[in-house]
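To start, the structure under review is shown below, and the notes come after it.
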Amino acid sequence: MKTICFREPTNENIAAAAKIIRKGGLLGIPTETVYGLGANALNEQAVYNIFAAKGRPQDNPLIIHVPDASWLSRYCENVPGCAYQLAEEFWPGPLTIILPRKDIVPLRTTGGLPSVGVRCPDHPITLAIIREADVPIAAPSGNTSGRPSPTSAGDMLEDMDGKIDAIFDGGPCRVGVESSIIDLTCQPPRLLRAGGLPLEELTRVLGEVIVDKCITQQMSAAEKPKAPGMKYRHYAPKAPVTVVTGASEESARYIAAQAKPGMGVICFHEYTAQFPGCTVHDLGPQNDKAEQARRVFDAMREFDHESVTQIFAQCPDPEGLGLAIGNRLKKAAGFHVVEL
Ligand code: TXA
Ligand code: MG
């Protein structure tokens, strides 16, 4: 099929995009985190087509996107007060809330689970499309399974051109890593994915939050992760990656001592000149985690076009967005981490 690209956020284009959703088509949607591969969450065939276009295993649930918290009770059972509190504080924004699902949400959408992940994305175009379509949009990240999440319409088209009806280009993603996922079906609430909303913000509202161990360590083959997506192969450059934690001067010195010409380095902006002969990608200034989050997927993705024998990466401390950035780097490294 030929993939249409909408660029201007005119009423006409919003209406055309919403019509694609209502008719059961596939639409690339911009969000503040990453681009999503969207379809009507209540239409089983449309949802099936998402899995097919991505090459995604059928038991890996999709999250559904809504325009505001009033839609929670349409699709979720027993919504606790703290869900509304979180929505009040952080929606629209990079937070997905897991709640018991109502039967109106097909099991196809939730990968067979009794729960459903709901998020209100912070992007005016996508919010307008959902309201116009008047159905929730199921959307995983818009990459082929196993590839990095797309942070621009161009990145998404690399994977999806010809496989989806249309994409709405809403510009580059402001956050750059996917949403944080909080499971409210258990007590205390559990963080299943570190993302664009820092853990510290969640604990401020919820009190105690358990950090699922899939965020900080490799899951063994026998373990069953709470977020099914965590068990699948995630994105990693072809060359082996080593993440080096610790103070940034020290990690830079360590990497400089190991790195040989022909290797790749992902480092903070301040250290880019310290690895002669290496292919160097700038993660952004060491004190600017927001910029590091925007760049982390691109820094890794670029190595797909370059041949390097091995990759070393500096890593921010785990405070704030550092938990999500470090997690994406460590996953790409298969949790091969040198702690200084
Ligand atoms: O920022 C985001 O969340 C982006 C944008 C497009 O909104 N979406 C996204 O979707 O990253 P996806 O499918 O790539 O990642 C969603 C993750 C998967 O690991 C999935 O297994 C988990 O959320 N998930 C979805 N529903 C769940 C549920 N009911 N219980 C546990 N985990 C769930
Ligand atoms: Mg994804």
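The values are calculated or read from the model by the stated rules, or taken from the named source; none is laboratory data. Note that this is a predicted model, so its numbers are computed, not measured. Reconstructed Cβ throughout: ideal geometry from the backbone, glycine too, with neighbour counts over all protein chains shown. Note: areas computed on protein heavy atoms with side chains; ligands, DNA, RNA excluded. Shrake-Rupley method; radii C 1.70, N 1.55, O 1.52, S 1.80 Å.
Here's the yes/no breakdown for (1) within 13 Å of ligand 1 (Cβ to nearest atom); (2) open to solvent by less than 10 Å² (accessible area, probe 1.4 Å); (3) assigned to a loop (DSSP other than H, G, I, E, B):
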| site | (1), (2), (3) |
| --- | --- |
| THR96 | yes, yes, no |
| VAL105 | yes, yes, yes |
| LEU113 | yes, no, yes |
| PRO121 | yes, yes, yes |
| ALA128 | no, no, no |
| ILE181 | yes, no, no |
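What's the number of the only condition in (1) within 16 Å of ligand 2 (Cβ to nearest atom); (2) open to solvent by 10 Å² or more (accessible area, probe 1.4 Å) that PRO188 fails to meet?
(1)
Evaluate the range 76-89: report whether one residue or more is under 21 Å from THR151 (Cα atoms), out of contact with any strand residue (DSSP E or B) (no Cβ under 6 Å at 6 or more places or on another chain) and either at pLDDT 95 or above or crowded, with 24+ Cβ neighbours inside 10 Å (or both).
The answer is no, given that none of the residues of the range 76-89 is under 21 Å from THR151 (Cα atoms), out of contact with any strand residue (DSSP E or B) (no Cβ under 6 Å at 6 or more places or on another chain) and either at pLDDT 95 or above or crowded, with 24+ Cβ neighbours inside 10 Å (or both).
Inside the range 257-340, counting only strands (runs of 3 or more DSSP E) that do not spill past its ends, which hold 2 or more residues that are free of Cβ contacts under 8 Å to residues at least 24 places away in the same chain and open to solvent by 20 Å² or more (accessible area, probe 1.4 Å)? Can you show your working first?
Numbers: elements: 264-267, 279-282, 311-314, 337-339.
Where strands (runs of 3 or more DSSP E) fall fully within the range 257-340 and carry at least 2 residues being free of Cβ contacts under 8 Å to residues at least 24 places away in the same chain and open to solvent by 20 Å² or more (accessible area, probe 1.4 Å), they are 279-282.
Scan the range 33-45 residue by residue and report those that are away from ligand 2 (no atom under 15 Å from the Cβ) and more than 15 Å from ASP134 (Cβ to Cβ).
Of everything in the range 33-45, those that are away from ligand 2 (no atom under 15 Å from the Cβ) and more than 15 Å from ASP134 (Cβ to Cβ) turn out to be GLU44, GLN45.
Quickly run through the range 41-90 and pick out the residues that are of a type in the set (D, E, K, R) and touching a residue at least 24 places away in the same chain (Cβ under 8 Å). Walk me through how you get there before you give the answer.
Pass one, the range 41-90, residues of a type in the set (D, E, K, R): 44, 54, 56, 59, 68, 74, 77, 88-89.
Residues satisfying the conditions are GLU44, LYS54, ARG56, ASP59, ASP68, ARG74, GLU77, GLU89.
Determine whether GLY146 is modelled with pLDDT under 95, assigned to a loop (DSSP other than H, G, I, E, B) and not polar (S, T, N, Q).
Numbers: modelled with pLDDT under 95: yes; assigned to a loop (DSSP other than H, G, I, E, B): yes; not polar (S, T, N, Q): yes.
When the stated conditions are applied, GLY146 passes them.
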